[in-house]
C-alpha cells in the first residue's frame, strides 16, 4: 500500500477520557475509509510520525474520538493536542507513483518502512551497480538499506520523508 501524507487532514483538538484517547477534527469532509485505517500520522517538531489506531469512534461529521497504540495516559495524549494529523494515502490514491530521486538529495530524509515504523535518518548512500543502498542511522548503527523503484512506496521532499520496503531481519544484523 502506498502512503501519501502531503496534505493535512485536521488537528488533534484535545484529550478525551483517562486512557489517552484524543478528539480530532477534520478540515474537510470525513474520509470514507477512515474507520478502516490502521494508522495515521501526526506532525511533531516538523517530523511526520506514524501512530497505529486502536479504536475510532465518529463523534460528529467533523470530529472523531481515537485511541492510539502506546498513548495510554492523559499526559501522553496532551502532548499531541494542537498538532496536525494526516492519513495514509488510501484516501488519495490518485497521486502519481514515486520516482527515484537523486541519491545526494536524500541525505537528511527520515526513512520509514512498510509498517510505518521510523527506521532513522539517511546519512549517505552507496550506488553499487544494480543495488543502490541508503545508509540510515538506526540507533547506534549505520545500516545499509536497498532502495529501488520497486521497493519505494512514497517520498515527500517537503517533509523530508521516504517510505520503502525494509526486508525482515535486516535491522537485526
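The values are calculated or read from the model by the stated rules, or taken from the named source; none is laboratory data. Just so it is clear, the structure is predicted and the values come from calculations on it, not from any experiment. All Cβ positions, glycine included, derive from the backbone under ideal geometry; neighbour counts span all protein chains shown.
Only residues that are over 13 Å from residue 103 (Cα atoms) and touching a helix residue (DSSP H, G or I) at 6+ places or on another chain (Cβ under 8 Å) were counted across the range 124-140, and they come to 1. For beta carbons closer than 6 Å, sequence separation of 6+ or different chains, a first residue in the range 101-121 that is closer than 21 Å to residue 87 by Cα and a second that is part of a loop (DSSP other than H, G, I, E, B), the qualifying pairs are 109/160; 113/166; 114/165; 119/113. Scanning the range 139-155 for residues that are within 26 Å of residue 84 (Cα to Cα) and surrounded by fewer than 18 Cβ atoms within 10 Å (Cβ to Cβ) returns no hits. Inclusion of residue 124 among residues that are under 20 Å from the mean Cα position of the chain (by Cα), at pLDDT 80 or above and not assigned by TED's automatic domain parsing to the domain that holds residue 46 is not warranted.
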